[in-house]
Amino acid sequence: MATGAGTEVSALNPLRAVWFTLAAAFLLTLLLQLVPPGLLPGCAFFQDLIRYGKTKEGAPRRPAACRAFDVPKRYFSHFYIISVLWNGFLLWSLTHSLFMGAPFPNWLHGLLRILGTAQFRGGELALSAFLVLVFLWLHSLRRLFECFYVSVFSNAMIHVVQYCFGLVYYILVGLTVLSQVPMDGRNVYVIGKHLLMQARWFHILGMMMFIWSSAHQYKCHVILSNLRKNKAGVVIHCNHRIPFGDWFEYVSSPNYLAELMIYISMAVTFGFYNLTWWLVVTYVFFSQALSAFLSHKFYKSKFISYPKHRKAFLPFLF
C-alpha cells in the first residue's frame, strides 16, 4: 500500500476545511433531529432546508414564503447533467495529461492550487485518482440514466438552496478527486505509460466494491419505481407504498446506504489512507444518514404495518 499519509502537507487546506465543515454541519443537524420533539423550539425554515420530497410532508406546516422557493424534485437530473459534463471534462483533462504529457489548463491548475492541491513528494499513485474520477463519472452517468428512464417522480419539491447546493456539490467533488493527483509543478507526476505499473490490490477491491454497491443502488431504484407501475410497466400513480426486496428488507433507505458504500469504495481505491477523501466520506455518511432518518420517520408515520425490524440507514444499528 502506498504510504502517502506522511508525505502530504498536513495543513487543513481549503478543500479539507470545506468537507470538514459540511460533515460537522450535517452531524449537528442529525443530532438535532434525534432530540425528542418539544425540547427544542421548532423552525419551519430550518426544516424546509433539510427535508425534500416526501419528507417535507412530515415537517411542520410550511409558510407560503417557504413554498415560494420550491423547485421540482425531478430537477435532480440537473445535478447529474452537470456532473457528467464537468467531471467528464476533468477526466478528459487528466487522461490527456497522463497519456499525452500535457499540463492542465492554466485556469484549472490555478483553481486546484487555490483549493489546496496536495503537494506530494513521491510514492503516491496517480492511478488511484484516475480510477476514482472514472468511478465518479460512471456513477453520475448511471444516475442520469435512472432519472430519465427508471425513476418515477411525483410532484414533490426541493428547496432552491438544496438545488443550488447539489449543482455545486458535483463540481466540488470532481475537483477534490483531481486535487489528489500527484503533481510536480504543472505536470502530473507520472506519465501514462507507467500507469498500469501502479496497480495494487486495493484498486481491484475498490472496483469490485464500486460495481457491487452501484448494482444494489440501481436495483433499489428499480424497486421504488416499480411501486408506481403496473405489471406492464406503465405508471399508474405517484403514491408512496412500502418497498420490499433486496436491501429494503434491512433498512428503509438502501439507496442512501448504497451511496455511502460507493464513496467508501472510492476511499478503498485511494488506498485507505487519503484523509481528504475520508472527509468526503464522512460528509456523505452524515448527509445520507439524515435523509434516511427522515425517510424512516415518514414511512413509520404513514404506514401502521411498516416492518418494525427495519432500521433507517445501517442494518441492525440505526
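Structure values in brief
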quantity	calculated
Protein accessible area in the chain, 1.4 Å probe - carbon and sulfur %	69 percent
The chain - charge dipole about Cα centre, Lys and Arg +1 at Cβ, Asp and Glu -1, debye rounded to 20	1040 debye
Gained length - residue 100 relative to residue 148, 0.36 nm times residue gap less alpha-carbon distance	13.7 nm
P(r) of the stretch 185-296 over all Cα-Cα pairs, binned every 10 Å from zero, in whole percent	13, 31, 28, 16, 9, 2
Cα→Cβ-extended label distance, 7 Å offset, between residue 32 and residue 212, nm	3.7 nm
0 to 90° range, to nearest 10: angle between helix 160-178 axis and the chain longest Cα axis	30 degrees
Spin-label pair residue 81/residue 169, simplified geometry with 7 Å Cα→Cβ offset, distance in nm	1.8 nm
Within-9-Å neighbourhood charge of residue 236 [Cβ basis; K, R +1; D, E -1]	+2
Cα-based Lys pair tally, the chain, threshold under 15 Å, eight or more apart or on separate chains	12
Segments 266-275, 154-163 sorted - mean Cβ within 10 Å per residue, highest first	266-275, 154-163
Solvent-accessible ranking of 201, 86, 19, largest area first, probe 1.4 Å	201, 86, 19
Net length gained if the chain between residue 241 and residue 92 were fully extended (0.36 nm per residue, minus Cα distance)	49.4 nm
Reported label for calculated Rg/Rh (Cα atoms, Kirkwood Rh) given [x] 1.01; [y] 0.99; [z] 1.34	[y]
Set of the stretch 282-298 residues, backbone N closer than 17 Å to the point 7 Å along the Cα-Cβ line of residue 21	283-284
Rounded to whole Hz, the Karplus (6.51, -1.76, 1.60) HN-Hα couplings of the stretch 295-312, x for glycine and proline	5, 4, 5, 5, 4, 5, 6, 8, 10, 5, 8, 4, x, 6, 7, 6, 9, 7
Angle between the chain longest axis and helix 254-269 axis [Cα atoms, degrees, rounded to 10]	10 degrees
The chain: relative contact order in percent, alpha carbon pairs under 8 Å with at least 6 residues between	26 percent
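The values are calculated or read from the model by the stated rules, or taken from the named source; none is laboratory data. What you see is a predicted model, and the numbers here were worked out from it, not measured in a lab. With ideal geometry, Cβ positions are generated from the backbone for all residues, glycine too; neighbour counts draw on all protein chains shown. For the accessible areas, the whole protein counts, side chains as well, though only heavy atoms, and no ligand, DNA or RNA atoms are used. Shrake-Rupley method; radii C 1.70, N 1.55, O 1.52, S 1.80 Å.
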